[in-house]
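No value in this document is a laboratory result; all are computed from the given coordinates. Note that the coordinates shown come from a computational prediction; the quantities given were computed from them, not determined experimentally. Reconstructed Cβ throughout: ideal geometry from the backbone, glycine too, with neighbour counts over all protein chains shown.
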Amino acid sequence: MTKLILRDVEIHKGFLDRTAQGELLDAVRGVVAAAPLFQPDTPYGKPMSVRMSSAGRYGWFSDRSGYRYADRHPSGAPWPPVPEAILAIWDQVTGLARRPDCCLINYYGEGARMGLHQDRDEADFAWPVVSVSLGDPGLFRVGNPTRGGKTESVWLESGDVVVLGGPARLVYHGVDRIKFGAGSLLPRGGRINLTLRVVD
């Protein structure tokens, strides 16, 4: 495992070995069985290219009314709890006693991407955001605390963990593309990104 710093963003390369990745994938599948993936719309009425679900007290949601957290899946069912295997990653990389309220699950299929954005729907930006990559590599782009300017990119591989905290908490970031089918963890290809956040 190696630790990179890209514009104050911590990138823990190879944080999870293949066995740990498989165990985490099983935990994610359990969540998705209870809260199936769905494809939200942006506030502008366009469907997002990723499909998503969540675990925890809150789930992240988007539609024409805007971006926000919701306490229930679109089906009306409560979100399942965050699996302990996922929470353990938060514990290890942050060292914080406070645990996240939400684990957002994004699935990137062929051609999916995530434009540059800030994670700013939370109440207190003093808490970090932790991101876990599983499956196909994704080209992660990091910008600045304000929109515009130069950016830098790095390929995130399956098992990598990213921490956006401190001066990097509100940097613009996104995923430009994935190498669909290049990984071996997901038999049908694709990338799963888990994002852990303190909401309240």
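Note on the chain: helix-only mean residue ellipticity at 222 nm, from DSSP H runs of 4+ residues weighted -39500 (n - 2.57) and normalised by residue number, equals -4500 deg cm²/dmol.
Highest mobility in the GNM of the chain, judged by mean-square fluctuation with C-alpha springs under 10 Å and restricted to P187, P36, P47, is found for P187. Semi-axis lengths, largest first, of the ellipsoid equivalent to region 43-200 are 21, 19, 18 Å, with √(5λ) applied to each eigenvalue of the Cα gyration tensor.
If the label point is 7 Å along Cα→Cβ of L170, which residues in region 144-159 have backbone nitrogen under 17 Å from it? Answer for region 144-159: 144-149. Placing a label point 7 Å from the Cα of A77 along the Cα-to-Cβ direction, the residues of region 3-31 whose backbone N falls under 20 Å from that point are 25-31.
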